[in-house]
Amino acid sequence: MPAALSSRVKPLVSDSDGGRCAAIARVEAFASLVEAAPVWERLASGDAVVTPFADPAWIAAWQRHVGAHGGLSPLIVVARDGFDAPLALIPFAVRRGRFCTTAHCFGGSHSHLNMGVWRRDVARTMTAEQLSALLAEVAAKNGIDLFVLRNQPLAWDGCDNPLARLGHQPSPDSVYRLEFNHRTGEQVIKHRLKPNLRGLLKYKERKLQRLDGYRYFRATTAADVDRVLDAFFLQKATQFASRGIRDVFSAPGMNAFLREACKNGLAEGHPAIELHAIEGGGEVLAVLGGVAGRRRFASMFNSYTTGEHGKWSPGLIVITHVIKACADRGLSSFDLGIGYADYKWYFCKEIDSLFDSVLAYSPAGRLAALAWRSAFAARRWIKSTPPLRNALLMALRAWR
């Protein structure tokens, strides 16, 4: 059973339009994703501010195969008003250590746009004092020393992220975004890509179209999922090995997580992770996987063949197909995930700035917070200094 926490949070103030928001009457903490599911669905189905990575099916699959293997346990925090209606839901993955217990966002480095689920009026009006009191209550009742909340957007869907009102620092990476602005898929590509690049990609795709069975497709069956992911894992392992980089997709549980998330909801046409690919000549040529929310398709991973057909840029071609498909089905935006890469600028000219929160609520937490903040600052400095970043990458590759 969920443990109800008596809240010391003060009532919310008036919103900018002069309306009143409900006060937080109590706070609950669920130790099970299953127990939290009904309130999660109720809150998210209303006028909520919710990102693609707040999908409970995505989180459940990640926790089952990756989080649990890494010693993380769920703690789903729900704030309610005096009528017991949910106001906000913040999902935490908790790691209990010998000296320090830390709460994180679900998904690790594989998720971005982390901010939980908020009723819109609450997101606009909750103050830093109220948020800090809420987290202090949760920390005291659940033995949490430190909250380390990474890859949070400063704003989402017209609302500032309430958690940005607490202490935070810029994340080392940003998200590269493309807004559709109510254009069709063809119009988006024509508007975004320069004529010479459009012409080059059309020329290269004509080369691939000569292959038997060439097509772009979205995985719609379990067999599709397994075949495309088999190709993805092989392509990614080969690419990482050639660059001397650790293969993050070979981590324990990642294979099972992606397979479950790509199949969960597939029969209904809404899998937790969508898989898009192009194939031809009996080979999967390129793969792109991501999470489709109410308004955005957020990319998680992509790969392309390292064989002879790789020279025709299948990785860029599959991105153009996915962008067109997302625009034509009524989504508002598309992103190519977190972190810089040259090819992302071809498609995505807007940036979502992210921040990290390191919030301590005990002496042990304050000591650990110094290490976390220093690590984040060092990583941000390295990534913002290309010569240093390149030198460290070369040294790492040589060592490996």
Where residues in the range 125-153 are within 22 Å of the chain's Cα centre (by Cα) and over 17 Å from Ala369 (Cβ atoms), which of them is surrounded by the fewest Cβ atoms within 10 Å (Cβ to Cβ)? Pro153
For the range 353-371, which residues satisfy the criterion of being among the hydrophobic types (A, V, I, L, M, F, W, C) and in a strand (DSSP E or B)? Leu354, Phe355, Val358, Leu359, Ala360
Among (1) modelled with pLDDT under 95; (2) in the same structural domain as His110 (by TED's automatic domain parsing) - the single one Val358 does not satisfy: (1)
Could you please find all residues in the range 174-216 being within 30 Å of Leu354 (Cβ to Cβ), hydrophobic (A, V, I, L, M, F, W, C) and not in a helix (DSSP H, G or I)? Val175, Leu178, Phe180, Leu193
Name the strands (runs of 3 or more DSSP E) wholly inside the range 58-137 in which the number of residues that are touching an Asp or Glu at 6+ places or on another chain (Cβ under 7 Å) and on the phi > 0 side of the Ramachandran plot is 2 or more. none
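Mind checking whether some residue in the range 279-300 is among the polar types (S, T, N, Q), within 25 Å of Ile338 (Cα to Cα), without any contact (Cβ under 8 Å) to a residue 40 or more places away in the chain and surrounded by 15 or more Cβ atoms within 10 Å (Cβ to Cβ)? Quick ask: steps written out before the conclusion?
Taking the range 279-300 first, the residues among the polar types (S, T, N, Q) are 299.
Among the residues that remain, those that are also within 25 Å of Ile338 (Cα to Cα) are: 299.
Restricting the remaining residues to those that are without any contact (Cβ under 8 Å) to a residue 40 or more places away in the chain gives 299.
Within this subset, residues satisfying the condition of being surrounded by 15 or more Cβ atoms within 10 Å (Cβ to Cβ) are 299.
Yes, because at least one residue in the range 279-300 is among the polar types (S, T, N, Q), within 25 Å of Ile338 (Cα to Cα), without any contact (Cβ under 8 Å) to a residue 40 or more places away in the chain and surrounded by 15 or more Cβ atoms within 10 Å (Cβ to Cβ).
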Inspect all residues belonging to the range 107-115 and state whether any of them is under 23 Å from Ile24 (Cβ atoms), not assigned by TED's automatic domain parsing to the domain that holds Gly293 and not aromatic (Phe, Trp, Tyr). yes
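Results for (1) over 20 Å from Leu316 (Cα atoms); (2) over 29 Å from the mean Cα position of the chain (by Cα); (3) not hydrophobic (A, V, I, L, M, F, W, C), shown as yes or no for each residue.
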site: His191; (1), (2), (3): no, no, yes
site: Pro195; (1), (2), (3): no, yes, yes
site: Gly199; (1), (2), (3): no, yes, yes
site: Arg218; (1), (2), (3): no, no, yes
site: Val225; (1), (2), (3): yes, no, no
Of all residues making up the range 61-74, the number that are surrounded by fewer than 22 Cβ atoms within 10 Å (Cβ to Cβ) and not hydroxyl-bearing (Ser, Thr, Tyr): 7
From the list Leu154, Leu166, pick out the single residue that is touching a helix residue (DSSP H, G or I) at 6+ places or on another chain (Cβ under 6 Å) and farther than 30 Å from His321 by Cα. Leu166
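Identify the residue in the range 174-218 that is among the small types (Gly, Ala, Ser) and closer than 14 Å to Thr320 by Cα and, among all such residues, is surrounded by the fewest Cβ atoms within 10 Å (Cβ to Cβ).
Our first condition is that a residue be among the small types (Gly, Ala, Ser); within the range 174-218, this holds for 174, 185, 199, 213.
Narrowing the set further to residues that are closer than 14 Å to Thr320 by Cα leaves 185, 199.
On the way: Gly185: 18, Gly199: 11.
Restricting to residues being among the small types (Gly, Ala, Ser) and closer than 14 Å to Thr320 by Cα, the top hit is Gly199.
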Is it true that some residue in the range 37-58 is touching a Pro at 6+ places or on another chain (Cβ under 6 Å), within 24 Å of Glu274 (Cβ to Cβ) and surrounded by 20 or more Cβ atoms within 10 Å (Cβ to Cβ)? yes
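With the requirement that a residue be buried (at least 16 other Cβ atoms within 10 Å of the Cβ) and more than 19 Å from Cys105 (Cα to Cα), what does the range 343-363 give you?
First, pick out the residues of the range 343-363 that are buried (at least 16 other Cβ atoms within 10 Å of the Cβ): 344, 346-348, 352, 354-362.
Lys344, Tyr346, Phe347, Cys348, Ser362 - these are the residues of the range 343-363 that are buried (at least 16 other Cβ atoms within 10 Å of the Cβ) and more than 19 Å from Cys105 (Cα to Cα).
The values are calculated or read from the model by the stated rules, or taken from the named source; none is laboratory data. What you see is a predicted model; the values in this text were computed from it and never measured. Quick reminder, even Gly has a Cβ in these numbers, built from the backbone with ideal geometry, and neighbours come from all protein chains shown.
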